[in-house]
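Trainee: First the structure, which I've put down as structure tokens, then a few questions once you've had a look.
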Amino acid sequence: MHKVFIDGAHGTTGLRINEYLAGRSDIQILEIDPEKRKDTESRVSMIKQADVSILCLPDQASREIAAAAPADSVIIDTSTAHRTDPAWTYGMPELTAGQREKIRSSTRIANPGCHASGFILLVRPLMEAGLIDKDALLTCFCVTGYSGGGKPMIADYEGPDRPAALDSPGQYGLGQEHKHLPEMVMMTGLANAPCFCPVVSDFYSGMVMTVPLHTSMLKKGAGLNDVKKTLHQRYDSEPLITVHDEVPESGKVYSNTLSGNNGMEILISGNEERILLIASYDNLGKGASGAAVQNLNIVIGAEETAGLL
């Protein structure tokens, strides 16, 4: 049985991870004394006892506890703190060939950001195939549920006296400095950050990331079928990613369709002039807690989808 400590178990991400692990016979969740949840020495003691520790903390708190923990303790950090740190392994098994092996052998694993997950998984294969140049100036937009903002945003949306503005979608990240942009650039190989338009809306969880492309942005002679072929080849054998190239019968993609799901569905649509790359997933699933459990499963040698399907 593998011992797992969740530091920050009462936050939105930590609670969901607890749910995924609670019924598993191969996992023992280590519980810290509630009065010592903020005590560094007690938390480091728990990390030393655990086979794997998962940090569900604000960025600075994650940096502090990771620095205090022994170098040989396996840590999965769900915060933004270490995603572009070269000393940490980026916890996206589908990123590229050999990434699973890197995760399996690492003691420091940085869980991907929710918005970043969709963008990277849509763009990285096209970069590796040479269909998109590293100097491409891309745009992306993403519609997400309000749980991505954690307990404060959940309280705002579910409070009895919430403002009328929350009844409508709200665009944010207006200064083009969203915290996921650095990993979006680093993990795709782009030279320039995309123009990113995130939108939060009045539903609990789920998200849709869209990357629009003019075919003129692809390598000369490439088109829609080349994009379809590349993404199918990359992901058709992946257990948690499904690629579609037929538009849904409704003609619509809804952002909450995969709420409660830990997979990702990719849709490639458009025509020979303009292409839409669309990734649908749950911001708390493949975008956070589900991704952390997937990484945990790889580290301990369990079935990669254990507790997720």
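The values are calculated or read from the model by the stated rules, or taken from the named source; none is laboratory data. Since we're looking at a predicted model, the values are computed, not measured. Cβ coordinates were reconstructed from backbone atoms using ideal geometry, including for glycine residues, and neighbour counts include every protein chain displayed.
Trainee: Could you please give the count of residues in the range 176-202 that are of a type outside the set (Ser, Thr, Tyr), over 15 Å from residue 84 (Cα atoms) and either under 15 Å from the mean Cα position of the chain (by Cα) or surrounded by 18 or more Cβ atoms within 10 Å (Cβ to Cβ) (or both)?
Mentor: Final tally of qualifying residues: 4.
Trainee: Further question on the same structure: State yes or no: is residue 211 within 18 Å of the chain's Cα centre (by Cα), of a type in the set (Val, Ile, Thr), under 15 Å from residue 139 (Cβ atoms) and crowded, with 18+ Cβ neighbours inside 10 Å?
Mentor: Numbers: within 18 Å of the chain's Cα centre (by Cα): yes; of a type in the set (Val, Ile, Thr): yes; under 15 Å from residue 139 (Cβ atoms): yes; crowded, with 18+ Cβ neighbours inside 10 Å: yes.
So residue 211 passes the test.
Trainee: Do we have any residue at all in the range 6-18 that's under 16 Å from residue 108 (Cα atoms) and surrounded by 20 or more Cβ atoms within 10 Å (Cβ to Cβ)? So that I can check it myself, show each step before the final result.
Mentor: Looking only at the range 6-18, we keep the residues that are under 16 Å from residue 108 (Cα atoms), and these are 6-7.
The next check asks that each one be surrounded by 20 or more Cβ atoms within 10 Å (Cβ to Cβ); those that pass are 6-7.
Checked the range 6-18: at least one residue is under 16 Å from residue 108 (Cα atoms) and surrounded by 20 or more Cβ atoms within 10 Å (Cβ to Cβ).
Trainee: List the pairs whose first member sits in the range 155-171 and is in contact (Cβ under 8 Å) with a residue 12 or more places away in the chain, whose second member is among the hydroxyl-bearing types (Ser, Thr, Tyr) and surrounded by 12 or more Cβ atoms within 10 Å (Cβ to Cβ), and whose Cβ atoms are under 7 Å apart, counting only residues at least 6 apart or on separate chains?
Mentor: Qualifying pairs under 7 Å: 157/146; 166/157; 169/201.
Trainee: Follow-up question, since we're still on this one. Mind listing whichever residues of the range 43-62 are within 21 Å of residue 83 (Cα to Cα) and either among the hydroxyl-bearing types (Ser, Thr, Tyr) or in a loop (DSSP other than H, G, I, E, B) (or both)? Please lay out each step first, then the result.
Mentor: Narrowing the range 43-62 to residues within 21 Å of residue 83 (Cα to Cα): 47, 52-62.
Residues satisfying the conditions are 53, 56, 57, 58, 62.
Trainee: From the list 206, 189, which one is in contact with an Asp or Glu (Cβ under 6 Å, 6 or more places away or on another chain) and modelled with pLDDT of 95 or more?
Mentor: Numbers: 189 fails: in contact with an Asp or Glu (Cβ under 6 Å, 6 or more places away or on another chain).
Just one listed residue meets the conditions, 206.
Trainee: Acidic (Asp, Glu), closer than 19 Å to residue 286 by Cα and surrounded by fewer than 16 Cβ atoms within 10 Å (Cβ to Cβ): does that describe residue 41? Show your work before the answer.
Mentor: On the way: acidic (Asp, Glu): yes; closer than 19 Å to residue 286 by Cα: no; surrounded by fewer than 16 Cβ atoms within 10 Å (Cβ to Cβ): yes.
Considered against the rule, which asks whether it is acidic (Asp, Glu), closer than 19 Å to residue 286 by Cα and surrounded by fewer than 16 Cβ atoms within 10 Å (Cβ to Cβ), residue 41 comes out as no.
Trainee: Scan the range 142-172 for residues that are out of contact with any Gly (no Cβ under 6 Å at 6 or more places or on another chain), modelled with pLDDT of 95 or more and crowded, with 18+ Cβ neighbours inside 10 Å and jot them down.
Mentor: 142, 143, 144, 146, 147, 157
Trainee: Report, by residue number, each residue of the range 1-23 that is part of a loop (DSSP other than H, G, I, E, B) and either polar (S, T, N, Q) or within 19 Å of residue 152 (Cα to Cα) (or both).
Mentor: If we filter the range 1-23 for residues that are part of a loop (DSSP other than H, G, I, E, B), which is where we start, we get 1, 8-11, 23.
Passing the criteria: 8, 9, 10, 11.
Trainee: Let me ask something additional. Count, please, the residues in the range 251-300 that happen to be under 30 Å from residue 4 (Cβ atoms) and without any contact (Cβ under 8 Å) to a residue 12 or more places away in the chain.
Mentor: 1
Trainee: I need the full set of residues from the range 234-247 which are more than 15 Å from residue 308 (Cβ to Cβ), among the acidic types (Asp, Glu) and surrounded by 14 or more Cβ atoms within 10 Å (Cβ to Cβ), in order please.
Mentor: 245 - this is the single residue of the range 234-247 that is more than 15 Å from residue 308 (Cβ to Cβ), among the acidic types (Asp, Glu) and surrounded by 14 or more Cβ atoms within 10 Å (Cβ to Cβ).
Trainee: Continuing with the same structure: When the range 63-81 is examined, which residues are found to be among the aliphatic types (A, V, I, L, M), surrounded by fewer than 17 Cβ atoms within 10 Å (Cβ to Cβ) and part of a helix (DSSP H, G or I)?
Mentor: Kept after step one, since they are among the aliphatic types (A, V, I, L, M), are these residues of the range 63-81: 65-69, 71, 74-76, 81.
From the residues that got through so far, the ones that are surrounded by fewer than 17 Cβ atoms within 10 Å (Cβ to Cβ) too are 67-68, 71.
67, 68 - these are the residues of the range 63-81 that are among the aliphatic types (A, V, I, L, M), surrounded by fewer than 17 Cβ atoms within 10 Å (Cβ to Cβ) and part of a helix (DSSP H, G or I).
Trainee: Would you be able to say whether some residue in the range 248-260 is buried (at least 18 other Cβ atoms within 10 Å of the Cβ) and either more than 27 Å from residue 308 (Cα to Cα) or among the small types (Gly, Ala, Ser) (or both)? Before you say what the answer is, go through the steps one by one.
Mentor: The initial filter retains those residues of the range 248-260 that are buried (at least 18 other Cβ atoms within 10 Å of the Cβ), namely 253, 255-256, 258-259.
From what is left, the residues that are either more than 27 Å from residue 308 (Cα to Cα) or among the small types (Gly, Ala, Ser) (or both) are 255, 259.
Looking through the range 248-260, at least one residue is buried (at least 18 other Cβ atoms within 10 Å of the Cβ) and either more than 27 Å from residue 308 (Cα to Cα) or among the small types (Gly, Ala, Ser) (or both).
Trainee: Considering only the range 204-247, how many residues are assigned to a loop (DSSP other than H, G, I, E, B) and in contact with a Phe, Trp or Tyr (Cβ under 7 Å, 6 or more places away or on another chain)? Write out each step before concluding.
Mentor: In the first step, residues of the range 204-247 are kept if they are assigned to a loop (DSSP other than H, G, I, E, B); the result is 204-206, 219-223, 236-240, 245-247.
Pick out the ones that are also in contact with a Phe, Trp or Tyr (Cβ under 7 Å, 6 or more places away or on another chain) and you get 204.
Qualifying residue count for the region: 1.
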